[in-house]
1. If packing is taken as the average count of other Cβ atoms within 10 Å, what order do 181-187, 108-114 fall into, highest mean first?
2. Rounded to the nearest 0.05, what FRET efficiency do ALA14 and SER221 have when you use their Cβ-Cβ distance and R0 = 25 Å?
3. Give the Rg/Rh ratio for segment 109-249, taking Rg as the radius of gyration of the Cα atoms and Rh as the Kirkwood radius, to two decimals.
4. Restricting to the chain, what percent of DSSP beta bridges are antiparallel, rounded to 5?
5. Pulled fully out, how much extra length does the chain show between ASN249 and ALA206, if you take 0.36 nm times their separation in residues and subtract their Cα-Cα distance?
6. Starting from the Cα of ARG94, step 7 Å toward the Cβ, then list every residue of segment 56-86 with an amide N under 11 Å from that point.
7. Within 10 Å of each residue's Cβ, count the other Cβ atoms and sort GLU180, GLU72 from fewest upward.
8. Give the relative contact order (percent, whole number) for the chain; include only Cα pairs under 8 Å separated by 6+ residues.
Amino acid sequence: MAGNIRLKICDDAAQVAIEAAAMFDELIRANPDSVIGLATGSTPEATYAEIARRHKEDGLSLAGVSSFNLDEYWGLGGDHDQSYRYFMQDNLFRHVDILPFNTHVLNGKARFPQLECEGFENRILAAGGIDMWLLGIGGNGHIAFNEPGSGVDSRTRLVSLTQETIDANSDGRFFSDASEVPRCALSAGIGTIRESRRLVLLATGAKKADAIAAAVDGPFSEDCPASLLQDHPDCTFIVDRDAASKLSN
């Protein structure tokens with residue numbers, strides 16, 4: 001195994017969600033004013049459901065928490081049902097007591113994307129940095145919308161999506177057809193992500209096995225953006241057995 005990545009292999013996707021939610025639960029209870037980074041997509045949905053359950057049943061409060069999301073589709077407003085602002089509202093924010101003005105999602109309708117991205121970076125700095133950022137991984141190893149070739153020191157910016165990513169988001173879970181998927185997105189950079197004090201990356205299913213193997217066992221390379229987390233001082237991958245199936249022993 002390359003680098004510093006700590007690996008937790010769970011029996012199934014449900015256990016991945018429980019493990020991830022427990023890490024955020026522990027962080028927030030220890031520091032009620034935590035600054036957390038969040039991801040979207042199908043993988044973290046169960047984690048958000050478990051965090052919401054802990055809020056309702058176990059007294060976990062997010063009233064002092066600030067959150068920053070990794071990315072947003074360029075051209076979609078927060079009221080669009082495929083925007084990531086909408087996703088976060090639907091899957092987490094409306095189920096917990098986090099204050100709306102403490103939830104930071106890039107504005108896909110911002111008139112000047114460069115200024116929007118610079119403002120996002122400045123808000124993270126003003127909050128004191130991210131305590132822990134939740135990440136997913138794409139089939140080609142991308143994190144957020146940092147596609148292969150993204151630099152290790154890249155910052156929040158407007159990016160073009162690869163055809164592979166467009167196709168992955170048009171399988172009916174999100175958009176029903178590739179023509180509906182935006183071609184660009186605003187995305188936190190790899191350098192931005194790496195500055196978080198802790199990182200937690202989730203992966204479930206056999207479709208993520210090649211990407212996890214490349215990220216954990218492969219070289220530190222821009223060809224697999226997730227591999228650029230190998231030298232982070234506090235990075236945990238939580239994966240199910242299917243996603244771990246191609247890892248070396």
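1. Peptide ranking by packing, descending: 181-187, 108-114.
2. That pair, ALA14 with SER221, gives E of 0.20.
3. We get a ratio of 0.97 for segment 109-249.
4. 25
5. Taking ASN249 through ALA206 to full extension adds about 13.8 nm, to one decimal.
6. Residues 86 qualify, since their backbone N sits under 11 Å from the label point.
7. Ordered from fewest to most neighbouring Cβ atoms within 10 Å, GLU180, GLU72 come out as GLU180, GLU72.
8. 27
None of the figures in this text is laboratory data; all of them are computed from the coordinates on show. A quick note: this is a predicted structure, and the numbers were derived from the prediction, not measured. Positions of Cβ are generated from backbone atoms using ideal geometry, with glycine treated the same way; all protein chains shown enter the neighbour counts.
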